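Colleague: Take a look at the following structure, please.
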Amino acid sequence: MAKKALSKEVSIFEELGMDQDASNIYIQTVSSILDAADVLKMDRSLKLILAQPKNEVMVHFPVTMDDGSTKSFKGYRVQHNNILGPYKGGIRFHHDISLDHVKALSALMTMKTALVQLPFGGAKGGLRMDPHSISQNELMRLTRRFTSALGSNIGPDYDIPAPDMGTNAQIMAWIADTYIHVGAGGNPLEGKGVVTGKPLEFGGSHGREKATGQGVVFVLEEILPDMGIELAEMDYSLIGFGNVGSWTARLLSEHKSKLLSVMDHTGVIYNSNGLDANKLAKHVEKHRGVVGFSGSVPISAKEFYQMEVDVCIPAALEQMIGPEEAEMINCKVLVEAANAPVTPPGEKVLAKKGIEVLPAILCNAGGVTVSYFEWKQNRQAETWDLELVDARLKKMMMGAANRVKEMQKKLKCDMRTAAYCAALDHLQKVYAIRGVFP
């Protein structure tokens with residue numbers, strides 16, 4: 001595949017010896033960050049720092065399978081930046097991840113925590129495997145072995161993982177239990193804080209499962225009315241019905257928003273009168289996909305994208321909306337509930353069509369915010385009730401949304417640039433105070 005150098009800030013990439021393939025998700029992510037840094041007239045030294053992760057950890061380890069055979073697995077942990085505090089970010093179990101993929105997500109985490117102004121840096125991790133292809137016992141052994149392989153690269157004061165695609169509260173519990181034994185010297189108070197997203201019975205937080213979806217809804221409450229869209233009158237389409245998409249839909253149903261169509265890896269479903277998000281969640285839990293849901297009819301992907309809706313919400317994988325999809329999309333606002341679902345070429349098409357994009361580092365920040373609450377509760381040996389968690393989440397999400405709106409008004413730019421600039425402004429203020437060591 002021919003490679004095309006990105007013209008803007010190419011000297012930064014050249015100086016760092018970075019591959020400049022414009023289709024590479026990490027190059028795309030860093031280019032967007034550097035574009036915003038240019039708008040802020042950020043010092044070149046900070047651009048160099050933010051253009052690459054601080055640490056890239058790759059581990060290979062064996063696991064004994066149920067049939068007695070041994071398989072080797074590859075895991076990643078990328079720590080992008082920790083100027084604001086300990087590294088923070090999810091761990092993904094997925095058959096199609098790469099180092100650059102994890103690097104991109106770690107950079108987005110740095111931007112996300114800076115925008116919400118959490119005392120965390122950005123990180124991300126993953127295992128290259130399909131969690132549905134192995135037994136529960138094999139998954140437990142793999143998780144514990146991965147935790148052991150990461151060793152001192154994670155810790156409650158250094159780097160705190162969380163759930164992501166393919167991982168859940170049970171997997172976080174195995175990581176924490178393993179860390180208590182091999183990293184915390186048997187100290188459960190210290191060990192619990194090594195991950196967030198744990199079961200409530202083992203130091204988890206109320207509201208963590210729905211946190212990302214809840215954050216999306218709080219952002220929409222704050223921003224959409226300014227765009228002439230009321231939640232009670234809104235119709236929308238949704239890409240992905242995993243944790244984020246499912247909770248976003250269920251919570252929007254409480255506002256009387258109408259879900260017209262859902263696309264996932266199994267196909268597309270549609271109902272002109274609206275899909276029941278709560279019933280669909282139960283169907284997906286049982287069948288691992290939306291297709292076959294009663295009260296819906298199947299439609300094509302083309303029909304899905306061309307459907308006229310107020311809002312389209314990608315809540316699945318990265319890089320799903322390229323130029324071809326963007327040309328078909330027929331909405332007023334696109335909401336990035338997933339991380340980086342729109343490619344830069346796709347976003348250019350959306351901009352030409354006058355479709356505003358609400359960026360992931362704002363919309364997707366509810367999960368890491370409630371993860372911060374969980375970590376804080378663990379460190380203080382406290383448990384907060386759901387009402388307190390929701391109230392504090394709403395305050396922080398709306399604060400972040402208002403920072404983006406204020407930056408957009410000040411710079412007269414699109415919302416993604418405004419969100420990056422708000423995050424970068426916070427980072428550069430901290431760098432100005434702390435300086436660059438030594």
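Colleague: Provide the gained length on full extension for the span Ser152 to Ser69, in nm with one decimal, where the gain is 0.36 nm per separating residue minus the Cα-Cα distance. Intermediate results must be reported in sequence, preceding the final value.
Modeller: Numbers: separation 83, 0.36 × 83 = 29.88 nm, distance 2.84 nm.
Between Ser152 and Ser69, full extension yields an extra 27.0 nm.
Colleague: Over the chain, with a Gaussian network built from C-alpha contacts below 10 Å, which listed residue (Ser152, Ser371, Ser253) shows the highest mean-square fluctuation?
Modeller: Greatest mean-square fluctuation among the candidates belongs to Ser152.
Colleague: Leaving out same-chain residues fewer than 8 places away, which aspartates and glutamates sit with a Cα under 13 Å from that of Lys429?
Modeller: Those aspartates and glutamates meeting the cut-off are Asp43.
Colleague: Could you give each residue of the stretch 79-95 its phi-based ³J(HN,Hα) in whole Hz, using Karplus coefficients 6.51, -1.76, 1.60 with θ = phi - 60°, and x for Gly or Pro?
Modeller: Once θ is set to phi - 60°, the couplings for the stretch 79-95 become 10, 7, 7, 9, 5, 8, x, x, 4, 8, x, x, 10, 10, 10, 7, 6 Hz.
Colleague: Which order do you get for Val182, Val349 if you rank them by accessible area with a 1.4 Å probe, largest at the top? Provide the component values of the computation, followed by the final result.
Modeller: Numbers: Val182 100, Val349 25 Å².
So the residues, ranked largest to smallest area, are Val182, Val349.
Colleague: Let me ask you something else. Any idea which of Ser272, Val63, Thr147 is furthest toward the positive side of the dipole for the chain, if Lys and Arg beta-carbons carry +1 and Asp and Glu beta-carbons -1?
Modeller: My answer, from the dipole projection, is Thr147.
Colleague: With a 1.4 Å probe and all protein chains in place, put Glu308, Glu14 in order of accessible area, largest first.
Modeller: On the way: Glu308 140, Glu14 120 Å².
Accessible-area ranking of Glu308, Glu14, largest first: Glu308, Glu14.
Colleague: Per DSSP H run of n ≥ 4, the term is -39500 (n - 2.57); total these for the chain, divide by its residue number, and report the mean residue ellipticity at 222 nm rounded to 500 deg cm²/dmol.
Modeller: Details: 17 runs with 201 residues, N = 438.
Helices in the chain give a 222 nm mean residue ellipticity of -14000 deg cm²/dmol.
Colleague: Another question about this same structure. Probe of 1.4 angstrom, ligands and nucleic acids ignored: what's the accessible area per residue over the chain, in square angstrom? It would help to have the intermediate numbers written out before the result.
Modeller: Working: 18300 Å² over 438 residues.
On a per-residue basis, 42 Å².
Colleague: Just how much of Met129 is accessible, in Å², when a 1.4 Å probe is used and the result is rounded to the nearest 10?
Modeller: It works out to around 10 Å².
Colleague: Show which aspartates and glutamates lie in cross-link reach of Lys192 when reach means a straight Cα distance below 16 angstrom and same-chain residues fewer than eight apart are skipped.
Modeller: Answer for Lys192, where 16 Å is the Cα cut-off: Asp157, Asp159, Asp177, Glu201, Glu374, Glu382, listed by chain and number.
Colleague: Among (1) 43.3, 152; (2) 21.0, 64; (3) 26.9, 92, only one was calculated for this model; which label is it, if the read-out is Rg and Dmax of the Cα atoms in Å?
Modeller: Of the labelled values, this structure produces (2).
Colleague: Straight distance only, please: which aspartates and glutamates reach the Cα of Lys74 with their own Cα at less than 16 Å, same-chain residues fewer than 8 apart left out?
Modeller: Here the aspartates and glutamates satisfying the reach criterion relative to Lys74 are Glu56, Asp96, Asp100, Asp130, Glu138.
Colleague: If you bin every alpha carbon distance in the stretch 29-103 into 10 Å steps from zero, what whole percent lands in each bin?
Modeller: With a bin width of 10 Å, the distribution comes to 15, 36, 27, 13, 6, 2.
Colleague: Filter Lys103/Lys332; Lys54/Lys124; Lys112/Lys405 down to the pairs with a C-alpha to C-alpha distance above 21 Å, please. Intermediate results must be reported in sequence, preceding the final value.
Modeller: On the way: Lys103/Lys332 31 Å; Lys54/Lys124 12 Å; Lys112/Lys405 16 Å.
Pairs exceeding the cut-off: Lys103/Lys332.
Colleague: Which whole-number percent is the relative contact order of the stretch 93-220 (Cα, under 8 Å, 6+ apart)?
Modeller: Working: 156 pairs, mean separation 25.2, N = 128.
Computed over the stretch 93-220, the figure is 20 percent.
Colleague: When a/c reaches 1.5 or more, the comparison of a/b and b/c decides; with that in mind, is the stretch 200-354 rounded, prolate or oblate per its Cα gyration tensor?
Modeller: Details: a/c = 1.44, a/b = 1.22, b/c = 1.18.
Judged from the Cα gyration tensor, the stretch 200-354 comes out rounded (a/c under 1.5).
Colleague: Could you derive backbone 3J(HN,Hα) for the stretch 195-209 from the dihedral phi with the Karplus parameters 6.51, -1.76 and 1.60 (θ = phi - 60°), listing whole Hz in sequence and x where the residue is Gly or Pro?
Modeller: Values, residue by residue: 9, 10, x, 7, x, 4, 5, 10, x, x, 10, 4, x, 6, 4 Hz.
Colleague: Lys/Arg Cβ at +1, Asp/Glu Cβ at -1, dipole of the chain taken about the Cα centre: which of Gly166, Met307, Pro225 is farthest positive-ward?
Modeller: Of the options given, the answer is Gly166.
Colleague: OK, next. With +1 assigned to the C-beta of every Lys and Arg and -1 to the C-beta of every Asp and Glu, and no other charges, what is the dipole magnitude of the stretch 231-389 about the Cα centre in debye, to the nearest 20?
Modeller: Values: 14 positive and 20 negative charges, 44 e Å.
With only Lys, Arg, Asp and Glu charged at Cβ, the dipole is about 200 debye.
Colleague: If you don't mind, another one. Pick out the long, greasy-scoring helices in the chain: whole DSSP H runs spanning 27 Å or more along their own axis by Cα, mean Kyte-Doolittle at least 0.0. Write down the numbers at each step before the final one.
Modeller: On the way: long enough: 386-411 (37 Å, -0.38); 415-434 (29 Å, 0.16).
Helices passing the filter in the chain: 415-434.
Colleague: Let me ask something else about it. How much of the accessible area of the chain, probe 1.4 Å, is carbon plus sulfur, in whole percent?
Modeller: With neighbouring chains kept in place, the figure for the chain is 50 percent.
Colleague: Which value, in debye to the nearest 20, describes the size of the charge dipole of the stretch 146-259 about its Cα centre when Lys and Arg Cβ atoms bear +1, Asp and Glu Cβ atoms bear -1, and nothing else is charged?
Modeller: Numbers: 7 positive and 14 negative charges, 70 e Å.
Rounded to the nearest 20 debye, it is 340 debye.
Colleague: Also, I was wondering about something else. Mean separation of Cα pairs under 8 Å and 6+ residues apart, divided by the residue count of the chain: what relative contact order is that in percent? Mind dumping the intermediate values first?
Modeller: Details: 883 pairs, mean separation 64.1, N = 438.
About 15 percent, as a whole number.
The values are calculated or read from the model by the stated rules, or taken from the named source; none is laboratory data. Note that this is a predicted model, so its numbers are computed, not measured. No Cβ is skipped: glycine too gets one built from the backbone with ideal geometry, and neighbour counts run over all protein chains shown. Areas reflect the complete protein model, heavy atoms only, side chains present, ligands, DNA and RNA absent. Shrake-Rupley method; radii C 1.70, N 1.55, O 1.52, S 1.80 Å.
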